[in-house]
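Peer 1: Mind looking over this structure? Questions follow.
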Amino acid sequence: MAKQDAKIIDSDPMTFYCAPSPTPGPDDLLVWEPLMHEALQLAAAAQLRGDVPVGAVVIDGSGRILGRGENRTIFENDPTAHAEILALRQAGAQVGNHRLTDAVLVVTLEPCIMCLGAVIQARLAGVVYAAADPKAGCLVSRMDGTALPWSNHHFWSLGGVLEQECSAKLSGFFKQRRQEKKISKNLAER
């Protein structure tokens, strides 16, 4: 990566240097597939409990898994129990530090604004995600969370790892939920 490829973010009164997100090639996506499969297994566990099927793992710079999480918002009645947050909590406890500077989050769905905040607070090196979230994703879909001009931390992101598989799991879940609501509504009208 050449210095000229980097972004200079000018945010008066400070200027930040931000390394650009890598442009994914086919090999880049393949490298992350085993970890995304792990995240998919966690997503399946969330779905079995009735939660939105999102799973996440946090790895250190050597590729060792530090934390795992699956959505538990419905199961625990906790709006902050997103897979990313739970994986980051576990990783922080494992390391004994809230800063995870060489760590990477691997998650089945592009993080929301709450999870973006946690990524910034943890000072992660990067985020790898499968499916973009056009409604609430805060890395590429709704905003460029990797280069917020007011933030003192920037990180790289890579999307599209096992995108079709993760998107299909999420679409299937929401399709089933809509069908269940329709059936409930029809029964209630009788």
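Peer 1: Out of all the residues in the stretch 149-173, which are touching a residue at least 60 places away in the same chain (Cβ under 8 Å) and either acidic (Asp, Glu) or out of contact with any helix residue (DSSP H, G or I) (no Cβ under 7 Å at 6 or more places or on another chain) (or both)?
Peer 2: If the condition is that a residue be touching a residue at least 60 places away in the same chain (Cβ under 8 Å) and either acidic (Asp, Glu) or out of contact with any helix residue (DSSP H, G or I) (no Cβ under 7 Å at 6 or more places or on another chain) (or both), then 149, 150, 152, 159, 165, 170 are the ones that fit.
Peer 1: Please identify the pairs in which a residue from the stretch 37-63 that is under 23 Å from residue 78 (Cβ atoms) and open to solvent by 10 Å² or more (accessible area, probe 1.4 Å) has its Cβ atom under 6 Å from the Cβ atom of a residue that is polar (S, T, N, Q) and assigned to a loop (DSSP other than H, G, I, E, B), counting only partners at least 6 apart or on another chain.
Peer 2: 52/71
Peer 1: Of all residues in the stretch 103-113, count the ones that are surrounded by fewer than 24 Cβ atoms within 10 Å (Cβ to Cβ) and acidic (Asp, Glu).
Peer 2: 0
Peer 1: Filter the stretch 1-30 down to residues that are open to solvent by 70 Å² or more (accessible area, probe 1.4 Å), in contact with a strand residue (DSSP E or B) (Cβ under 9 Å, 6 or more places away or on another chain) and either assigned to a helix (DSSP H, G or I) or at pLDDT 80 or above (or both), then give me how many there are.
Peer 2: 1
Peer 1: Additional query: With touching a Lys or Arg at 6+ places or on another chain (Cβ under 7 Å) and either at pLDDT 95 or above or among the basic types (Lys, Arg) (or both) as the only criterion, which of 87, 118 stands out? Reasoning before the result, please.
Peer 2: Details: 118 fails: touching a Lys or Arg at 6+ places or on another chain (Cβ under 7 Å).
Result: 87 is the single residue among 87, 118 that is touching a Lys or Arg at 6+ places or on another chain (Cβ under 7 Å) and either at pLDDT 95 or above or among the basic types (Lys, Arg) (or both).
Peer 1: Only one of these conditions is not met by residue 116: (1) open to solvent by less than 10 Å² (accessible area, probe 1.4 Å); (2) in a loop (DSSP other than H, G, I, E, B). Which number is it?
Peer 2: Of (1) open to solvent by less than 10 Å² (accessible area, probe 1.4 Å); (2) in a loop (DSSP other than H, G, I, E, B), only one is false for residue 116: (2).
Peer 1: Here is a follow-up. Could you list all residues from the stretch 54-67 that are on the phi < 0 side of the Ramachandran plot and more than 12 Å from the chain's Cα centre (by Cα)?
Peer 2: 59, 60, 61, 62, 64, 65, 66, 67 - these are the residues of the stretch 54-67 that are on the phi < 0 side of the Ramachandran plot and more than 12 Å from the chain's Cα centre (by Cα).
Peer 1: Filter the stretch 64-97 down to the residues that are in a helix (DSSP H, G or I), open to solvent by 40 Å² or more (accessible area, probe 1.4 Å) and either among the aliphatic types (A, V, I, L, M) or farther than 28 Å from residue 29 by Cβ (or both) and list them by number.
Peer 2: Selection gives 93, 95.
Peer 1: Quick check: is even one residue across the stretch 89-102 touching a residue at least 12 places away in the same chain (Cβ under 8 Å) and within 11 Å of the chain's Cα centre (by Cα)?
Peer 2: No - not one qualifying residue is present in the stretch 89-102.
Peer 1: May I ask you to verify whether residue 124 is under 17 Å from residue 35 (Cβ atoms), of a type outside the set (S, T, N, Q) and crowded, with 21+ Cβ neighbours inside 10 Å? Write out each step before concluding.
Peer 2: Details: under 17 Å from residue 35 (Cβ atoms): yes; of a type outside the set (S, T, N, Q): yes; crowded, with 21+ Cβ neighbours inside 10 Å: yes.
Criteria met by residue 124.
Peer 1: Continuing with the same structure: Look through the stretch 134-190, keep the residues that are among the basic types (Lys, Arg) and either under 16 Å from the mean Cα position of the chain (by Cα) or at pLDDT 95 or above (or both), and return whichever of them is most open to solvent (accessible area, probe 1.4 Å).
Peer 2: So the residue we want is 135.
Peer 1: Residue 85 versus (1) at positive phi; (2) under 16 Å from the mean Cα position of the chain (by Cα): which is the lone unmet condition?
Peer 2: Of (1) at positive phi; (2) under 16 Å from the mean Cα position of the chain (by Cα), only one is false for residue 85: (1).
Peer 1: Which of (1) more than 18 Å from residue 151 (Cα to Cα); (2) buried (at least 19 other Cβ atoms within 10 Å of the Cβ); (3) of a type outside the set (Phe, Trp, Tyr) is the odd one out, the single condition residue 100 does not satisfy?
Peer 2: (1)
The values are calculated or read from the model by the stated rules, or taken from the named source; none is laboratory data. Being a predicted model, the structure only gives us computed values, none of them experimental. Every residue, glycine as well, gets a Cβ built from its backbone with ideal geometry; the counts of neighbours run over all protein chains shown. The protein model used for the area step is the full one, side chains on, heavy atoms only, and it has no ligands, DNA or RNA in it. Shrake-Rupley method; radii C 1.70, N 1.55, O 1.52, S 1.80 Å.
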